[in-house]
Each structure stands twice: as C-alpha cells, then as structure tokens.
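Written out below as structure tokens is the structure these notes cover.
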Amino acid sequence: MNRNKIRFFAVVGIVITILLVLATYAFTNSNFSVKADKYRQNPKVGLGYVRTGRVDYKAPDIFFLGDFTTNMATNDRAGKFVRVEVRLKMNDEDMVDELKFKNIVLRDAVIEEMSLKRFSEVSTEKGKKRLKTNIKEHLNSILTDGKVEEVFFTKFIIQ
C-alpha cells in the first residue's frame, strides 16, 4: 500500500512538473506580454510588415508622396493601368515643408510621367528604373529648396 501511494505521488509530481515546464515555455515564447496586469499582443515585425498591417517607417529623409493609379499609354495594349506607391528620399530634411506645399504639383508630375509610359516600357526592371529616373528629374525641376535623391516604389502593380 505504501508503495502504491509513493508511485502515485511520484507520477503526479512528474506530470505537474512537465505541465509547469511546458506552460513556462509557451508563455515565454508567445506574442503576449504582461503589462499593468493586462495582456497585450506584441506584433511581429519583419521586412516592413506587421501581422496586423503595414509598418509606416518614420525615416526623417523619406517622404511619402502617395498612392497613384493612372492609365498607361495605349500604343500597345489598351485598358492597362499602373498602381504605384511613391516615397522620395530627400537630400535635406528641411525640404518637407516645400514637398507638402507643392504636393499637388508633385503628384501631377508623377501622374504625367506614369501616363506617358506603355506597358512594355514599365514591365521590365530597366523600364521601372527609367521611370524612377524620369520622375526624379521631373520633380527636381519643380523643387527649389533641395533635391530628390532617389524615388522608391513601395508598391507597383500593373493590370
């Protein structure tokens, strides 16, 4: 009888120990953290994305110009359009005020450059680089306080 009780308590002790170890492991490797007695989910970040949506980078020299959807030139395929999200790298952080002030003119310049391109021109890597260069040159011709160093496409869809 004593042996059965000892075995029973030994098995129960081992099971409880294993459950505690598993619970501790699960809690330390989960997405939740305890702050102020509340559970709050910590989003996992990787390559600019969070599970709940997109991360907006707050780089001081990057300016979000906006989303653009324009029809393409219809020489080779009618009915095509391009959708682009454009961000600009500035050579001076003080350009932000001018970029905000001239936002409509700059957006018009981007739309003008994109609508001049045909599907065959922007469907290749060289074509996208050429489009970025054309947009950069057009924007720099408008700006007076500084220059755009680089144009980034953070979204590029052709349909």
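The values are calculated or read from the model by the stated rules, or taken from the named source; none is laboratory data. Just so it is clear, the structure is predicted and the values come from calculations on it, not from any experiment. All Cβ positions, glycine included, derive from the backbone under ideal geometry; neighbour counts span all protein chains shown.
Observations, loosely collected:
- Those residues of the range 98-115 which are touching a residue at least 12 places away in the same chain (Cβ under 8 Å) and of a type in the set (Asp, Glu), in sequence order: 98, 112, 113
- Sub-7 Å Cβ pairs linking a first residue in the range 116-134 that is of a type in the set (S, T, N, Q) to a second residue that is not in a loop (DSSP other than H, G, I, E, B), at least 6 apart or interchain, are 123/158; 134/113, ordered by first then second residue.
- For the range 143-157, the set of residues classified as of a type in the set (A, V, I, L, M), outside any loop (DSSP other than H, G, I, E, B) and surrounded by 14 or more Cβ atoms within 10 Å (Cβ to Cβ) consists of 148, 151, listed by residue number.
- Qualifying position, being buried (at least 16 other Cβ atoms within 10 Å of the Cβ) and at pLDDT 85 or above, among 128, 89, 80, 100: 128
- All positions within the range 105-125 that are over 14 Å from residue 72 (Cα atoms) and at pLDDT 90 or above: 105, 106, 107, 108, 109
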